[in-house]
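Everything below concerns the one structure shown next.
Values in this text are rule-based calculations from the coordinates and carry no lab data. The structure presented is a predicted model; accordingly, all values stated were derived computationally and were not measured. Cβ sites come from the backbone with ideal geometry, for glycine too, and all protein chains shown count toward neighbours.
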Amino acid sequence: MNNAKRNNTIFSLENQPLFTREGASYITKHYSFGILSTEVPLWTPSPTKCINLTSVQASAPLGVTLTLSSNGNAFFALRVTSHSAAISQQFPSEYRFKPNDAISLRTSDEERATETSGASNATQVAYNSRSDFINVANATGLPNMQFATLNSALITRTSGRLVLEYSNLVPSASSQLQIESVKINFYCRLSLTLAVGTSSMIYYWRPDPAEDWIQLQQESLSLIGTIDHLSVPIQQDITTEVLAATNPWNVIKNMQTSFVGGHTGLGLGNTIQLDAVVIDIRMVGKNEISLFGSET
């Protein structure tokens, strides 16, 4: 009998032997993960050993399908559909694998959560020693076709910098979510009716009020025409920068955006308008799975 040994310490008579299976240590494999588009090994047995899987438990804050496979063949799938739900599956008998075969996991049909927010506060600071925007408070909130406006002037160049602050960007369930993307949407328009000088819009952000501004892009016109981002915003992707931080959620909590406008030409009729600067955060769940069993 394989994995069996004779126990002579219980019965002293040779004609009454007791044979017991050599006990395998109980093993729990626990993992936390986000999206796994390709198979990732979860449990690799010791050399020449077989995995004996007895049960699986999984939880996810957002809907997701978890598929377990071994040696390239899927053998079990769980669909978690309820918020923060946990599912347990106890096998009627242990699921025994071939020697050296590992158990792998991939995810599919992942649900996403989104957080969209306009600025909660807008202030103007000097740019090139000028603070010429009017109706600054109109730049707060979501797009509503009410504008903070910078007009050109007859005898002076005009400019200004708007600083946008945000509140409640971090969702209450952030500990259960991973950031997938962060994008800044500028709803703005530059209109030149007088081709004198250059008018510009410059887009910035920074991860913390103590940090320097990071320029994202500049758009300018020196000929009569319009740059219009009021219906379809100009979008800036800062995902890489946010995820590079030690704590990305701290960046989301403290980040600011800035919109700079300037008219170098003298004369009336050139206009820069800012409707809103909106942050879009896309998130996936922090999923968890536990595998229970042994190796023999």
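For K98, which aspartates and glutamates qualify as cross-link partners when the Cα separation must be under 12 Å and same-chain residues fewer than eight apart are set aside?
E295
Would you compute, from DSSP H runs of 4+ residues alone, the mean residue ellipticity of the chain at 222 nm, taking -39500 (n - 2.57) per run and dividing by the full residue count, rounded to the nearest 500?
Working: 2 runs with 12 residues, N = 296.
The helix contribution divided over the chain gives -1000 deg cm²/dmol.
Calculate the spin-label point distance for I155 paired with Q89, positioning each point 7 Å from the Cα along the beta-carbon direction, and give it in nanometres.
8.0 nm
So for Y203, Y26, Y31, fewest C-beta neighbours within 10 Å to most, what's the order? Don't skip to the answer; put the middle values down first.
Details: Y203 20, Y26 9, Y31 15.
Starting with the residue having the fewest Cβ neighbours, the order is Y26, Y31, Y203.
Which one, S88, L164, I51, projects farthest toward the positive side of the charge dipole computed for the chain from Cβ point charges (K/R +1, D/E -1)?
With unit charges placed on the Cβ atoms, the residue in question is I51.
Using the Karplus curve 6.51 cos²θ - 1.76 cosθ + 1.60 with θ = phi - 60°, what ³J(HN,Hα) values do you get for each residue of region 196-201, in whole Hz, with x for Gly and Pro?
Karplus-based 3J(HN,Hα) across region 196-201 equals 10, x, 10, 10, 9, 10 Hz.
If R₀ is 51 angstrom, what is the calculated FRET efficiency for the pair T240 and F76, using the beta carbon separation as r and rounding to 0.05?
FRET efficiency, T240 to F76: 0.90.
Which lysines have a Cα lying under 29 Å from the Cα of K286, excluding residues fewer than 8 positions away in the same chain?
Cα-Cα hits under 29 Å: K29, K183, K253.
In which sequence would V163, V40, V136 go, from the one with the fewest C-beta neighbours within 10 Å to the one with the most? Present the calculation step by step, with values, prior to reporting the outcome.
Working: V163 21, V40 12, V136 18.
Ordered from fewest to most neighbouring Cβ atoms within 10 Å, V163, V40, V136 come out as V40, V136, V163.
Cα centroid distance between region 23-57 and region 225-257, in Å?
39 Å
Taking only C-alpha pairs under 8 Å that are 6+ residues apart, what is the relative contact order of region 114-284 in percent? Could you put the intermediate results ahead of the total?
Values: 470 pairs, mean separation 65.5, N = 171.
Across region 114-284, relative contact order equals 38 percent.
Using the 10 angstrom Cβ neighbour count as an exposure proxy, how do K98, K49 rank, fewest first?
Numbers: K98 10, K49 16.
Result, fewest neighbours first: K98, K49.
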